[in-house]
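Notes follow the structure.
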Amino acid sequence: MAEPIRVVVTGAAGQIAYSLLYMIARGEVFGKEQPLVLHLLDIPPMMGVLEGVVMELADCALPLLRQVIPTADPAVAFKDVAAAFLVGAMPRKEGMERKDLLSANVKIFKAQGQAIDQHARKDIKVLVVGNPANTNALVCSHYAPSIPRENFTAMTRLDQNRATAQIAAKLGVPISAVKNVVIWGNHSSTQFPDPSNGIVEINGSTKRVWDAVNDAAFLQGNFVETVQKRGAAVIAARKMSSAMSAAKAACDHMHDWWHGTTSGQFVSMGVLSDGSYGAPKDVVFSFPVEISNGKWKIVQGLQLDDFAKSKLAVTGKELEEEKGEAMAVCSA
Ligand code: NAX
């Protein structure tokens, strides 16, 4: 069997981590032959709760899990890690403005970027889940100059999974029949869930999602809004934010980055923008990507109509604004 790799999960005492840790430790991300040492980072007041999580992981009796290291010290948490799930962030409290939340969280991601720079493996793969995920990933990469910028990504896979599930339900097909429905832009309500390059297998033949659904008003209206507002709908129903589905999406994201995508299939990832498709450069923007040998590449040559272009412009503008606010906070 391979040598163990070190994987860190931040916000390890929180609700997403509670599902995520089990999935990682079972081998669903790095493979059933890859032993793991899990590093669990949270803040000092959560160390008691984290101890309970450590006990439960032990009680799961998982053969791949060689060691668990709970800590409140980023230097310990990021030491020699090959992959990082940055989930921990400050939740929005009552009366808090979006700006206050951004300001609190970019400071966390600045400090974690610095710790990654100093302590992690230089080929670390970083997935940012904590919100505002795209801008946090940008900040984190900015403060880790010794690590390639393409090694920092933000999660929009939950949005993609939600979008794919909506299309599968609409067409009455299994989720595995729907491919290449993607998310552009920010993981926020300005994101653009785009079915226009999606394909679906129906009765043994492959069709465009657009033709199979055959309802432009739905695809540009209700579908887009449902995906954009799905997080809020889950909170309204569950009184807590998405956790199981967020953990599953984080696993999907890292799994595909680690193992690659199948030919002709693309997935959504927030990655450093090179300006493709008219998106602003140097923000972390969700694009359709293909992955091989651990490296992602933005899919080129997709057609975007005027509706899509207008949606990309809105979400791109929001990301540029967030970047301005974040960099002002970091340099203050
Ligand atoms: P919880 O509040 O349950 O857990 C967050 C944990 O992070 C807590 O245990 C807290 O103590 C810890 N934490 C806070 N500051 C920390 C720091 N500096 N270092 C390490 N740990 C720290 O939140 P949960 O529901 O798990 O959500 C975590 C984050 O994911 C939130 O920012 C949330 O907004 C974000 N989400 C992102 C999604 C995405 O698709 N990108 C979807 C799901 C989720 O809403």
Expressed in nanometres to one decimal, the distance between label points 7 Å along Cα→Cβ at SER331 and ILE43 is 2.7 nm
Treating only Lys and Arg (+1) and Asp and Glu (-1) as charged, each at its beta carbon, one finds that the range 24-66 has a dipole about its Cα centre, in Debye to the nearest 20, of 160 debye
So ARG66 and GLU150, fully extended at 0.36 nm per residue minus their Cα-Cα distance, gain in nm 27.3 nm
Unit-weight point scatterers at every alpha-carbon of the chain, Debye formula, q = 0.11 1/Å: log10 I(q)/I(0) is -0.68
The extension gain from GLU51 to GLU97, computed as 0.36 nm times the residue separation minus the Cα-Cα distance, is 13.3 nm
Candidates GLU320, GLU290, GLU33; GNM for the chain (alpha-carbon contacts under 10 Å) flags as most fluctuating GLU33
Counting only backbone N atoms under 13 Å from a point 7 Å out along Cα-to-Cβ of SER310, the residues of the range 182-201 in range are none
The simple spin-label model distance between GLN265 and ASN203, using points 7 Å out along Cα→Cβ, in nm, is 2.5 nm
By the mean-Cβ-within-10 Å protection proxy, highest first, 155-167, 96-108 rank as 155-167, 96-108
With bins of 10 Å, the percent of all Cα-Cα pairs of the range 210-297 per bin from 0 is 14, 29, 40, 16, 0
For the chain, the charge dipole (Cβ of Lys, Arg +1; Cβ of Asp, Glu -1; about the Cα centre) points to a positive end, and the Cα of GLY113, GLY231, SER176 closest to that extreme belongs to SER176
Counting Lys and Arg as +1 and Asp and Glu as -1 over every other residue whose Cβ sits under 14 Å from the Cβ of ALA163, the net charge comes to +3
For TYR18 and ALA217, extending 7 Å from Cα along the Cα-Cβ vector and measuring point to point gives, in nm, a value of 4.3 nm
Rounded to one decimal in Å, the inverse mean reciprocal Cα-Cα distance for the range 187-248, i.e. its Kirkwood radius, is 13.5 Å
Across all Cα atoms of the range 48-168, Rg and the largest Cα-Cα distance (Dmax), in Å, are 16.2, 45
Applying the span-like rule to the chain (DSSP H, Cα extent along axis at least 30 Å, Kyte-Doolittle mean at least -1.0) gives 98-119, 306-331
Going through LYS32/LYS110; LYS207/LYS309; LYS79/LYS122; LYS79/LYS125; LYS99/LYS317; LYS170/LYS229 one by one, the pairs whose alpha carbons sit over 22 Å apart turn out to be LYS32/LYS110; LYS207/LYS309
The set of residues whose placed amide H lies less than 5 Å from the amide H of THR156, leaving out same-chain residues fewer than 5 positions away, is GLY270
For the chain, the dipole about the Cα centre with charges only on Cβ (Lys and Arg +1, Asp and Glu -1), to the nearest 20 debye, works out at 140 debye
So VAL76 and ALA236, fully extended at 0.36 nm per residue minus their Cα-Cα distance, gain in nm 53.9 nm
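Any read-out appearing in this document is the output of simple, stated calculations on the displayed coordinates, not a laboratory observation. All values reported here derive from a predicted model rather than from experimental measurement. For neighbour counting, all protein chains shown are included, and Cβ atoms are generated from backbone atoms with ideal geometry for every residue, glycine included.
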